[in-house]
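The values are calculated or read from the model by the stated rules, or taken from the named source; none is laboratory data. This structure is a prediction, so every number in the text was calculated from the model and none was measured. Cβ sites come from the backbone with ideal geometry, for glycine too, and all protein chains shown count toward neighbours.
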Amino acid sequence: MTPVKTRETRILEKMEEQVDAGRTKAIGLSNFNKRQVEKVLKNARIKPASLQVELHVLLQQKELVEFCQSNGIVVVAYSPLGSPGFNNFMQKHGFPTREMPNILQQPAVQKIADKHKKATGQILLRFWIEQNVVVIPKSTNPERLKQNMGALSFSLDSDDIEQLKALDMGEEGRIFNMDFLKGMKDHPEYPFVK
């Protein structure tokens, strides 16, 4: 996969043409940082409806989430469970793997799960749901899919939320830095996280 080297404002113009032509109803962004979203909002005729980014308790991107929500952009969290299968994917495709903490096994998460008699995955999903973030956990396991739906059946208290917020590692918690993609460092917007 080779990244497109076109600036996001040019792509935005083309997406707006698709809305005008009735071929799509809304424009969504993915993996944009705050600076890039600001630039889009400054230049957009049609405001983006959503931004999909990596979000989990180790990478909370608070400033970006707050900025998007204050501008009416729905935030969608991919890998809200921390992508436990990431290294398998990397290895399968010949990319280097790296050691990462298993978010599902974090002691603070387990403690909160025990308190609520819920699975750790449900706690992690609920954390984002209560912050008005849409979560898209990946699973092909029917039991786990059903279990994930259980995140809608309870609430976390303020102490739970504060404990989970304290797990944020900032950029050190990022799993998907995309540097493994050929040509990524040559993109005019690189590095994307700043």
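Would it be correct to say that Glu16 is over 14 Å from the mean Cα position of the chain (by Cα) and surrounded by 13 or more Cβ atoms within 10 Å (Cβ to Cβ)? Yes: the conditions hold for Glu16. Just one residue in the set Gln106, Gln147 is more than 13 Å from the chain's Cα centre (by Cα), surrounded by 15 or more Cβ atoms within 10 Å (Cβ to Cβ), within 21 Å of Gly173 (Cβ to Cβ) and of a type in the set (S, T, N, Q); that residue is Gln106.
Restricting Lys111, Lys117 to residues that are in contact (Cβ under 8 Å) with a residue 40 or more places away in the chain, over 18 Å from Asn177 (Cα atoms) and among the basic types (Lys, Arg) narrows the list to Lys111. Return the residues of the range 61-87 that are free of Cβ contacts under 8 Å to residues at least 24 places away in the same chain and crowded, with 20+ Cβ neighbours inside 10 Å; say none if nothing qualifies. Within the range 61-87, just Gln61 meets the criteria.
If you go through the range 7-44 and keep only what is free of Cβ contacts under 8 Å to residues at least 60 places away in the same chain, within 22 Å of Val65 (Cβ to Cβ) and of a type in the set (Lys, Arg), you end up with Lys34, Lys39, Lys42. Look at the range 88-101: where a residue is surrounded by 10 or more Cβ atoms within 10 Å (Cβ to Cβ) and a partner is of a type in the set (S, T, N, Q) and outside any helix (DSSP H, G or I), sitting 6+ places away or on another chain with Cβ atoms under 8 Å, you get Met90/Thr97; Gln91/Thr97. Just to be sure before I move on: is Gly121 at pLDDT below 95, buried (at least 17 other Cβ atoms within 10 Å of the Cβ), among the small types (Gly, Ala, Ser) and more than 30 Å from Met15 (Cβ to Cβ) in the structure I sent? Criteria not met by Gly121.
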